[in-house]
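Shown next, in structure tokens, is the structure this report addresses.
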């Protein structure tokens, strides 16, 4: 069942404003944190086993630990450029509980010693931007931001930066580029952002959910936070369930819950008369799972890895048997082709090539050998580029082809979809 | 020939100061231009911004062309963006888009004859649980059926 | 100074050097497009992949710093496979228009595909269509389809010329290099973008379609456009010179040269040269070979000069080699002449410098002239000579005229003013129409060799002596200043039978070598 | 080595029999040719001309596009490949960016040409072919340096031979 830590008060409209937020226990942990040693907070976050909720799952505390131990100015960036198809948890968090994020960010900034932070919100989230802007105003007025916050002697400024429509800006170095006023193209690593990030200064980029969760690590302590979840995947996480389930939406569950429970119990299972066909477990970039695998896998980092996929951003896309996999891969390939930033050759050309190849299948122009070609291209896009977008495009292609190969072969052979009633491939994009 | 209003120029000047580097202000300033120019950024605005912000034209042009939310061509009063990514596709996003295309008689990025509507297919807008959905100008409209979408747009007109 | 092992051979590199620099030091083959030693690291072509022992997967050589004891190879099957596919990714949207592409023959794609390619293209689908023949500015033409988006040119305008005209617009495989419409690529170094373009996307308007590169031979020399003295490579064939490109010279010009310097081959070509010596006796012009002209000059004037050396003036410009200055000054000094004048074309702007390469002194060897002249009686200002001519104190004037006449706007007026002398000897490489209007009834025009036709030394603005060698002969029979003086003294020329070029000629001189990619 | 020496027979020592035998042979063939003109193996050159097969590599032809303009892109591969160095081309910028480059001068010095066909082989766009014509006589003032007019539009070609490769088709196919 759901365990609501972060989302406890999300259904209460007053949680959005400062007043209501404070009433429901807001900004208590901020004061508590100010009394702690910043290094202790970092240690606690490490000990709590909080892993980045944006997609890569890198331990947040460890990331903070990479910061050089000097007096250089440093920045905290909140990654609210939620672009992964299937993900909508950050939008809800920003719209329902902007102060939760702001509080989490102030605590995190205090921990890492940052005097300036930015929330990078994707431009399409107009509602979120309005609410966040209002919340920031409130926070400034109430002295939660600015000089000498709550008498602690800690100064901090926070600002919102609005993106303008680029999936790639969700990648941390691309986000930094975008914030610096460059095109949102990922930067070469090394140097890593924790050493040289925004304007060449040490920078930490964290997801909305990761930063909000910091508040609850302070509130419940390491043990309290670790109460939920598994040994290696501690805490709760918001999962955005979409696709062909009865009740799609955001669900906060402890990590380690079987996917079966999530889909069948919490989301009300498949729509009547429909069978589960496949699940993309962590946003469109993660390898797809077949129905059997989905029924066995648990919602944590390790179990996902066992099945060769990732927890990603927690976007569970449930696919029923009315969908043609060729069609869906076409949709995804179109997406990655559209979103490749065009910097690295394998990704720039590879995404375009994959898109054309998959399109040629439903145009009836493909040959059987093209399936091998798709495999070849995908394999040579993996791990060859600056950022992971080319992997993100290659992984679905590889996994779709591996797990649903007969559908692709059928399409090429017969010139039509194996799934009856799936008429869409013909009028694709 | 587009020219920023005097408030617009003040806005640009303020944004330049707002961030650590002047370059960061390019996106907000382009948004401002788009807002003042009926939803699209004309090419000559790049030269104007370049002068106001004291940045090379190429930098601004790069930003303008990189991001999809800046319209490089005129659009209708209502910019209808229908999500056609995976979750929406599975719930009829593409059917919705083609229905709207047919209903308003526009294709691709065209503006309808009355100048009211432009319908574009876009990638994920982060509202997958309420698929299919569309964004009209700044607002989301969710859990749509083709008929509902048409009536929403007609109402907004 | 960390040591590392590259393909089994140990090499020591500078602190902070990257793996690709180590490969270059070893002259080991490594595929790459975006990396250029004179620019920042972009790391976008993803071709310079190497295996580093102990590293997680393949690394790009251009952004990995060599650490002590690294064992690096790019010979493993995995790396070769990655590079093969990397080449294919570059080529899938590259048009097959090598026949009309000016870069063919010196193209990075062609060269590296032959070395590293897959030889089995699998792309059978429609390529992305982009703009062709885009006018980027005064000197450069862009073909977007051929562009592989290595971003070298963009980095050049951002980092070296700092003019920021170029950008990469749009994204994904729709990305295109371009300029903003109101700001074309018109900086003074724009043609360097053409040099560093590894494919035929950027081509030079001047060179475009004039020759296939495999018809051209090349040889190194020094640019004589200004006192910077950039190391350059000239490309030529029997028809003449066709273009000039920079050579890497860390101490002088790095990897670059200015656009102005690239135009200088034009005045060395036959069309603008004085092909024969000319003699004017007050009524008719007579064309003779350079040698016999100097001989007859010698018969006519040598004795007179020896008798009254104070009535002789010699005008020098800073466009000759140190050797020529030394020889001619010595000869004149031996005849007793000590009126040496310096024709300085741009007195006011001579110390200007644009911060990168271009200097206000448009002579390659002003320093050299001053050094050599100081060993004799020194140089006087040219203005004084005009007065001397008016007063009749000077009867014979020798002028060592400049080659680069575009830098001498006063060329014609000075010709006229100086030709007021009774005996007027004009030694120069160029043909202009003003020669007809000489005022002297005893005028000699002696054709001299241009800077590509002789060997010698230029001393640049900071006193660096730079030697350069003979490139090619464009005007047969033209003389160097030294040769002219030898003849004038009544001696014969001692010819070197085979010019040096033949000794150093490469096996296949039709293979155009444009140096390091 | 041994060999047989055939001794002339007695009859051949006489003059007339040999003459008559020879004349008989001549008359036999004359009659045969008079009554069977079509089978006659020789031609009355230059009134009659031998027709070679279409693959005969004779005089050069520059092919044209559908609109009648030259197919040649001035890539100079033929000139590069030519062992006799008889081709000289001057390229220029075309107004149409799809065409980009074209020859403003294309000359073949046929007196130097060895008709090896390497130019045809080198051509990437089927712009130069060697046609079946083989007679290229001329009087004293004849010009044996063939220019574009002669190579592409001479009267025999009836407005030009169309190239099998078309720019437009290539562009549409995305090559």
With bins of 5 Å, the percent of all Cα-Cα pairs of the stretch A:236-320 per bin from 0 is 3, 18, 32, 29, 15, 3, 0
Per-selection Rg to Rh, chain A - Cα, Kirkwood hydrodynamic radius:
0.99
With angles folded into 0 to 90 degrees, how steeply does helix A:98-112 sit against the dominant principal axis of chain A? Use alpha carbons for both and round to 10.
70 degrees
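For A:235-246, what's the mean count of beta carbons from other chains sitting within 10 Å of each residue's beta carbon?
Values: counts 0, 0, 0, 0, 0, 4, 3, 11, 9, 4, 1, 0.
That average works out to 3.
What does the C-alpha gyration tensor say about the overall shape of the stretch C:3-90? Classify as rounded when a/c is under 1.5, otherwise prolate if a/b is larger than b/c, or oblate. Each step should come with its number before you reach the end.
Numbers: a/c = 1.76, a/b = 1.22, b/c = 1.44.
Oblate.
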Over the Cα atoms of chain B the radius of gyration and the largest Cα-Cα distance (Dmax), both in Å, equal 17.4, 49
Taking a ≥ b ≥ c as the square roots of the eigenvalues of the Cα gyration tensor of the stretch A:297-347, is the shape rounded (a/c under 1.5), prolate (a/b larger than b/c) or oblate?
oblate
Out of all DSSP beta bridges in the protein assembly as shown, what portion is antiparallel? Express it as a percent rounded to 5.
60 percent
Using only Cα atoms, locate the centre of the stretch A:207-254 and the centre of the stretch D:17-75, then give the distance between them in Å, rounded to an integer.
94 Å
Can you give me the distance in nm between label points at residue C:214 and residue C:286, each placed 7 Å from the Cα along the Cα-to-Cβ direction?
5.1 nm
Considering all projection directions equally, how large on average is the shadow of the alpha-carbon convex hull of the stretch B:1-71, in square nanometres?
4.1 nm²
Taking every residue in A:166-173, how many Cβ atoms of other protein chains lie within 10 Å of its Cβ, on average?
2
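If you count the DSSP beta bridges with both ends in chain C, what percent of them are antiparallel, to the nearest 5?
On the way: 44 of 68 bridges.
Antiparallel bridges: around 65 percent, rounded to the nearest 5.
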Space enclosed by the convex hull of the alpha-carbon atoms of the protein assembly as shown, per residue, Å³
308 Å³
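Take the Cα radius of gyration of chain D and divide it by 2.2 N^0.38 Å, with N its residue count; two decimals is plenty. Write out the running numbers ahead of the final one.
On the way: Rg = 26.2 Å, N = 175, 2.2 N^0.38 = 15.7 Å.
In units of the globular-protein estimate, chain D measures up at 1.67.
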If you take the beta carbon distance between residue C:333 and residue C:356 as r and set R0 to 41 Å, what does 1/(1 + (r/R0)^6) give as a FRET efficiency, to the nearest 0.05?
0.55
Work out the mean other chain Cβ neighbour count within 10 Å for the residues of C:116-126 and drop it here as an integer.
4
Relative to the longest principal axis of the C-alpha atoms of chain D, give the angle of the C-alpha long axis of helix D:15-35, reported between 0 and 90° and rounded to the nearest 10°.
40 degrees
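Which value does Rg/Rh take for the stretch C:272-494 over its C-alpha atoms, Rh per Kirkwood?
Numbers: Rg = 16.4 Å, Rh = 17.5 Å.
Expressed as Rg/Rh, it is 0.94.
In whole percent, what relative contact order does chain A give with Cα contacts below 8 Å and a gap of six or more residues?
16 percent
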With springs only between Cα atoms under 10 Å, which of B:75, B:26, B:86 fluctuates most in a Gaussian network model of chain B?
B:86
What is the distance, in nm, between label points placed 7 Å from the Cα along the Cα-to-Cβ direction at residue C:80 and at residue A:36?
5.6 nm
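For a protection proxy built on the mean count of beta-carbon atoms within 10 angstrom, sort B:53-63, A:17-27 highest first, please.
B:53-63, A:17-27
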Can you tell me the order of A:408-417, A:265-274, A:328-337, D:101-110 when each peptide is scored by its average per-residue count of other Cβ atoms within 10 angstrom, highest first?
A:328-337, D:101-110, A:408-417, A:265-274
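Report the convex hull volume per residue for the stretch A:13-226, counting only C-alpha atoms, in Å³.
Numbers: hull volume 24.1 nm³, N = 214.
About 112 Å³ per residue, rounded to a whole number.
Would you please put A:244-255, A:219-230 in order of how densely packed they are, using the mean number of other Cβ atoms within 10 angstrom per residue and starting with the highest? Before the final figure, lay out the partial values.
Details: A:244-255: 20.8, A:219-230: 17.3.
Order by mean packing, descending: A:244-255, A:219-230.
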From the convex hull of the Cα coordinates of the stretch A:325-427, what is the mean projected area in square nanometres?
5.7 nm²
P(r) of chain C over all Cα-Cα pairs, 10 Å bins starting at 0, rounded to whole percent, reads 4, 17, 24, 21, 15, 10, 6, 2, 0
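Which value, in Å to one decimal place, does the Kirkwood hydrodynamic radius take for the stretch C:304-373 when every pair of different Cα atoms is included?
Working: mean 1/r = 0.0751 Å⁻¹.
One over the average 1/r among Cα pairs gives 13.3 Å for the stretch C:304-373.
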Working from Cα positions, state the angle (0 to 90°, nearest 10) between the long axis of helix A:325-339 and the longest principal axis of chain A.
50 degrees
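Given the rule -39500 (n - 2.57) for each run of at least 4 DSSP H residues, summed and divided by the residues of chain A, what is its mean residue ellipticity at 222 nm, to the nearest 500 deg cm²/dmol?
Values: 16 runs with 179 residues, N = 429.
Taken over chain A, the calculation gives -12500 deg cm²/dmol.
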Hey, if you drop one equal point scatterer on each alpha-carbon of the stretch A:71-134 and run the Debye formula without solvent, what base-10 log of I(q)/I(0) do you get at q = 0.14, 0.26, 0.30 Å⁻¹?
-0.42, -1.12, -1.31
Residue A:127 versus residue A:159, label points 7 Å from Cα toward the beta carbon: distance in nm?
2.8 nm
Taking a cut-off of 22 Å, what percent of all Cα-Cα pairs in the stretch C:94-270 are separated by more than that?
47 percent
Pairs of Cα atoms under 8 Å, at least six residues apart: use those to get the relative contact order of the stretch A:243-374, whole percent.
21 percent
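Taken together, the values in this text are just the output of simple stated rules run on the coordinates, not laboratory data. Nothing here was measured: the structure is a model prediction, and the numbers come from that model. All Cβ positions, even for glycine, are placed from backbone atoms using ideal geometry, and neighbour counts span all protein chains on display.
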